[in-house]
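Student: Here's a structure for you.
Please treat every number below as a calculation from the coordinates, not as lab data. No experiment lies behind these values; they were computed from the predicted model shown. We place every Cβ from the backbone using ideal geometry, glycine too, and count neighbours over all the protein chains shown.
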């Protein structure tokens, strides 16, 4: 079996509060583990997942190793010290880099095939020419690939000259599985939503939200690109329509100061912490709708994950959201913004049969890597 190595500067085994990149790398690595002997190299977070690994061992100064769910993990204490040694020792046939593209120049041995994935265009400023070192370059959705090619800057010029394509991210259905009751208060499915009612009751008790409210959930970095301005303008419309906004996230000072002034009387509870996919599960299971009115969005993992839990997304169709969201499974934010979308949500919430049908459509939509990994396998094999 050929060997595939993933490289990321985000801690994967460091704890529950993982970044979006860490979620993607880990889920993609697990989804292709039947096709390749997979290794992941990442910083050593010394956290909960690493401590759970019974076979965690020191392999050299600053490098630890463990094996979880069929994937080998090398944890580097001082990133990226030791990366070259791990590559030299494991000799991967394919290297898939999600960290800085120039890391390839630090390796004493270059693997036969090297792939790079762009998660955020801003991270690439000043690094564009390093992309020429790779056999193929990808980004996290087809729609975002089109946006990157149309920027009219140095990045779009380089991407037009290299082997570049967009591959829309997926999620692991085996992990985000309400029918199994993983990380939720009760099991439920698209055929039986009784367990979701239990999860909502638990969420309301935990956060002191009145049980009769339609719960809007938003979890994100507090930055303009996530559409936070539009949400703040709509908070009283949400309250007056019988809704309650639970917002989890931290970010720019201006938004944190505005949120700090809002109270439960405004129909808002702000939880000032970084959200992660694992922490999000009980919230998604209990909430009715998920707010993602992004101005710019490379992919949109959270709306996809929300669908798995029957938490109906309220989204724009910007960036990667265009690849994943539509009127069948989401409430689309149009020209009238989140305020206009709230009216549609209130009407839907008032008709239980229509609400259940839309929830079921969300849960039945397949966003899994099983339907998407084939494109990456083509890239790894050099077929494109």
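Student: Measuring from label point to label point, each 7 Å out along Cα→Cβ, what is the residue 122 to residue 356 span in nm?
Tutor: 4.4
Student: For a footprinting-style exposure proxy, rank 69, 176 by other Cβ within 10 Å, fewest first.
Tutor: In order of increasing Cβ crowding within 10 Å: 69, 176.
Student: From the square roots a ≥ b ≥ c of the eigenvalues of the alpha-carbon gyration tensor of segment 239-349, which class results: rounded (a/c under 1.5), prolate (a/b over b/c), or oblate?
Tutor: Verdict is rounded for segment 239-349.
Student: Quick one: helix 277-286 against the long Cα principal axis of the chain, what's the angle to the nearest 10°, folded into 0 to 90?
Tutor: With rounding to tens, the tilt is 20 degrees.
Student: Let me ask something else. If you restrict to DSSP beta bridges whose two residues both lie in the chain, what percentage is antiparallel, to the nearest 5?
Tutor: 20
Student: Turning to a different aspect of this structure: Sort 175, 345 so that the residue with the fewest other Cβ atoms within 10 Å of its own Cβ comes first and the one with the most comes last.
Tutor: 175, 345
Student: Related question: Which length gain, in nm to one decimal place, applies between residue 256 and residue 346 when the Cα-Cα distance is subtracted from 0.36 nm times their residue separation?
Tutor: That works out to 29.7 nm of additional length.
Student: Given segment 178-364, what percent of its DSSP beta bridges are antiparallel, to the nearest 5?
Tutor: 5
Student: Between residue 206 and residue 35, what length comes free when the chain is fully extended (0.36 nm per residue of separation minus the Cα-Cα distance, one decimal in nm)?
Tutor: Here the answer is 57.3 nm.
Student: What list do you get for 314, 356 if you sort them by fewest beta carbons within 10 Å?
Tutor: If I rank by nearby Cβ atoms, fewest first, I get 356, 314.
Student: At 0.36 nm per residue, and after removing the present C-alpha to C-alpha distance, how many nm does the segment from residue 229 to residue 279 gain when stretched out fully?
Tutor: 15.6 nm
Student: Taking only DSSP H segments of four or more residues, each worth -39500 (n - 2.57), what value at 222 nm results for the chain once the sum is divided by all its residues, to the nearest 500 deg cm²/dmol?
Tutor: -10000 deg cm²/dmol
Student: Using R₀ = 25 Å, calculate the FRET efficiency as 1/(1 + (r/R₀)^6) where r is the Cβ-Cβ separation of residue 105 and residue 61; round to 0.05.
Tutor: That pair, residue 105 with residue 61, gives E of 0.60.
Student: Determine the distance separating the Cα centre of segment 189-242 from the Cα centre of segment 329-369; give it in Å without decimals.
Tutor: Computed from Cα coordinates, the inter-centre distance equals 13 Å.
Student: So for segment 233-280, Kirkwood radius off the Cα pairs, Stokes-Einstein at 4 °C and 1.567 mPa s: how many µm² s⁻¹?
Tutor: Estimated via Stokes-Einstein, D reaches 113 µm²/s.
Student: Separation between the residue 191 and residue 263 pseudo-spin-labels, each 7 Å from Cα along Cα→Cβ, expressed in nm?
Tutor: Here the modelled spin labels are 4.9 nm apart.
Student: Next question, about the same structure. Using the alpha-carbon atoms, what tilt in degrees (0 to 90, nearest 10) does helix 194-207 show relative to the longest principal axis of the chain?
Tutor: 90
Student: Now for a different question. Using a Gaussian network model of the chain with C-alpha springs under 10 Å, which one of 156, 292, 174 is most mobile by mean-square fluctuation?
Tutor: Ranking 156, 292, 174 by mean-square fluctuation puts 174 first.
Student: Can I ask one more? Using alpha carbon coordinates only, what is the Rg to Rh ratio of segment 164-321, with Rh defined as the Kirkwood radius?
Tutor: That ratio equals 0.96.
Student: Helix 20-31 sits at what angle to the longest principal axis of the chain, using alpha carbons and giving 0 to 90 degrees rounded to 10?
Tutor: 70
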